[in-house]
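Input: a single structure, listed below in structure tokens.
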Amino acid sequence: MARWDEILSLPVQSPPTLEFSAADIVWSRVEGWREMIDKLALIPFSRVNDFVRGESNNKDCPTRFHVEARRRRPPEQAHKIKVDGILEYILYWCSFGPDDHRKGGVVRPSRHYGAKRKTHAGRPNTKRGCVCHFIVKRLIAEPSVALIIYNQDKHVDKKGLPCHGPQDEKAAGTYAMFAPYISDELRLQIMSLLYVGVPVETIMQRHTEAVEKQGGPSNRDDLLTHRHVRRLERKIRRSTYELDSVDDISINMWVENHQDCVFFYKDFSELEPFVLGLQTDWQLQQMIQFGNNSLLASDSKFGTNKLKVC
Ligand SMILES: [Zn+2]
């Protein structure tokens, strides 16, 4: 059977969990792929992010995967329908690579940021030469399907040695032991606390106490720093909410730009004031997790007593 016929006849796998990893799917090795035979699998294209999240939350070696390269076929380009035609190509790479900022490591010439700046703006120096990466291809023949090609599934450097995570002895006690960034969940939780006015010091104090209580750091989130929380606080402080001197224009503009956290909006009318319902993604997740049969109790209100809330 020709290689592409073989690939297209593979089952499209969609595990029922919210996110899934390479361990949850059956991989095929299709012959004739260069000298090396890569691991392949088909998943729905709409679930690529679920797979990327699952791969990042790898228990043995937590990390993040970032888009290292992406190519899209321009829509106007006249195309002959070829069986192996590609609409989109995305290369995901472990965020501990591909460059190596460790002593004696190799950094690609294009990624040198000059001697003055030790790290790129606001990002810790996390690159440790990890070669783990996979490719996602969206085929013209099956646009709803993503072909995942795992070229290198081990978190090792060019020498083949573990370069981050619990297997890497040199990573012990550093961020490289865990994932390169704090989780989205913790970031959203901190943002929500900052939004309602909880000071940076209080957030850090509570965090430090919680980590001490559990007997020291056990994941990336436990290594949260003042610097990180202050950066998030600065981001909120610098965001402008008064976008126009006329209130209703200003509100309209704000709503336009914050669609992701607006769940209800009713503009001013002749008789009534405006109504704006906001919910951050973190609050939504909490509601899904802790809500009980669509029932939700709230024990704090911010000066809503004087307002007529229906
Ligand atoms: Zn890695």
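The values are calculated or read from the model by the stated rules, or taken from the named source; none is laboratory data. Everything quoted here is computed from the prediction, not taken from an experiment. Cβ sites come from the backbone with ideal geometry, for glycine too, and all protein chains shown count toward neighbours.
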From the option list 146, 179, single residue qualifying as in a loop (DSSP other than H, G, I, E, B), touching a residue at least 12 places away in the same chain (Cβ under 8 Å) and surrounded by 13 or more Cβ atoms within 10 Å (Cβ to Cβ) is 179
* Return yes or no: is residue 170 away from the ligand (no atom under 11 Å from the Cβ), part of a loop (DSSP other than H, G, I, E, B) and surrounded by fewer than 17 Cβ atoms within 10 Å (Cβ to Cβ)? => no
For the stretch 236-286 the number of residues that are modelled with pLDDT under 80 and touching a Leu at 6+ places or on another chain (Cβ under 8 Å) is 4
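I need the full set of residues from the stretch 144-157 which are away from the ligand (no atom under 16 Å from the Cβ) and in contact with a strand residue (DSSP E or B) (Cβ under 6 Å, 6 or more places away or on another chain), in order please.
145, 146, 147, 148, 149
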Picked from the stretch 243-286 (must be among the aromatic types (Phe, Trp, Tyr) and in contact with a strand residue (DSSP E or B) (Cβ under 8 Å, 6 or more places away or on another chain)), the residue nearest to residue 187 (Cα to Cα) is 263
In the stretch 272-286, residues that are part of a strand (DSSP E or B) and in contact with a Phe, Trp or Tyr (Cβ under 6 Å, 6 or more places away or on another chain) total 2
Reported set for the stretch 239-271 where residues are polar (S, T, N, Q), under 22 Å from residue 194 (Cα atoms) and in a helix (DSSP H, G or I) is 257, 259
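In the list 154, 137, which residue meets the criterion of being part of a strand (DSSP E or B) and of a type outside the set (A, V, I, L, M, F, W, C)?
Exactly one of 154, 137 is part of a strand (DSSP E or B) and of a type outside the set (A, V, I, L, M, F, W, C), namely 137.
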